[in-house]
1. For a quick check of understanding: with a 1.4 angstrom probe and all protein chains in place, what accessible area in square angstrom does Glu27 have, to the nearest ten?
2. For a quick check of your reading of the filter: which trypsin sites (Lys or Arg not before Pro) in the range 18-81 sit in a DSSP loop and have no more than 14 other Cβ atoms within 10 Å?
3. Which order do Ile17, Ile42 take by accessible area at a 1.4 Å probe, largest first?
4. Give me the percent of the accessible area of the chain that comes from carbon and sulfur atoms, probe 1.4 Å, all protein chains in place.
5. Could you work out how far helix 27-36 tilts from the main Cα principal axis of the chain, as a 0 to 90 degree angle to the nearest 10?
6. Please identify the chymotrypsin sites (Phe, Trp or Tyr not before Pro) of the range 13-108 that satisfy two criteria: DSSP loop assignment and at most 15 other Cβ atoms within 10 Å. Which are they?
7. Cβ under 10 Å from Leu73's Cβ, Leu73 left aside: what net charge do those residues give with Lys, Arg +1 and Asp, Glu -1?
8. Let me have the relative contact order for the chain, percent, based on Cα pairs under 8 Å that are six or more residues apart.
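The values are calculated or read from the model by the stated rules, or taken from the named source; none is laboratory data. These numbers were taken from a predicted model, which means no experiment stands behind them. Ideal geometry is used to build each Cβ from the backbone, glycine not excepted, and the neighbour counts take in all protein chains shown. Quick note on the areas: whole protein, heavy atoms, side chains included, nothing else; ligands and nucleic acids left out. Shrake-Rupley method; radii C 1.70, N 1.55, O 1.52, S 1.80 Å.
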Amino acid sequence: MRLHDLAFVRSGDKGDISNVAVLARDEESYRQLERLLLPEAIKSYMGPLVTGPVAVYRLPRLQALNVVMHGALGGGATTTLRFDETGKSMGAVLSRMELTGDDGVNVR
């Protein structure tokens with residue numbers, strides 16, 4: 001199962017930080033995302049696109065998570081040579097992330 005099967009996403013940026021709002025499709029999806037969308041997994045999935053730490057903030061009343069990725073925009077919109085200098089595609093990239101359970105098996 002991929003993240004986009006459980007949620008909608010929206011990207012934003014500030015300097016060299018990209019944040020992605022992950023909005024669960026329903027309560028059960030939110031519970032799965034809380035358990036599976038972990039900073040270590042996101043950092044591993046994003047690979048060289050994210051050079052700094054990753055934080056995930058829970059927003060249970062909104063059934064949403066805010067994923068904050070430092071070092072994700074090549075220095076920021078005014079200095080980067082990346083094609084997507086404001087990170088608008090970071091949400092699309094993250095939405096394709098395969099979610100795996102504690103046992104390392106993909107979630108169905």
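1. Per-residue accessible area (Glu27): approximately 100 Å².
2. Loop-located and lightly packed - Arg25.
3. Order by accessible area, largest first: Ile17, Ile42.
4. 54
5. In the chain, helix 27-36 runs at an angle near 60 degrees to the longest axis.
6. Listed in order of number, the matching sites are Phe83.
7. On the way: positive: Lys14, Arg82; negative: Asp13, Asp16, Asp84, Glu85.
Summing Lys and Arg as +1 and Asp and Glu as -1 gives -2.
8. 36
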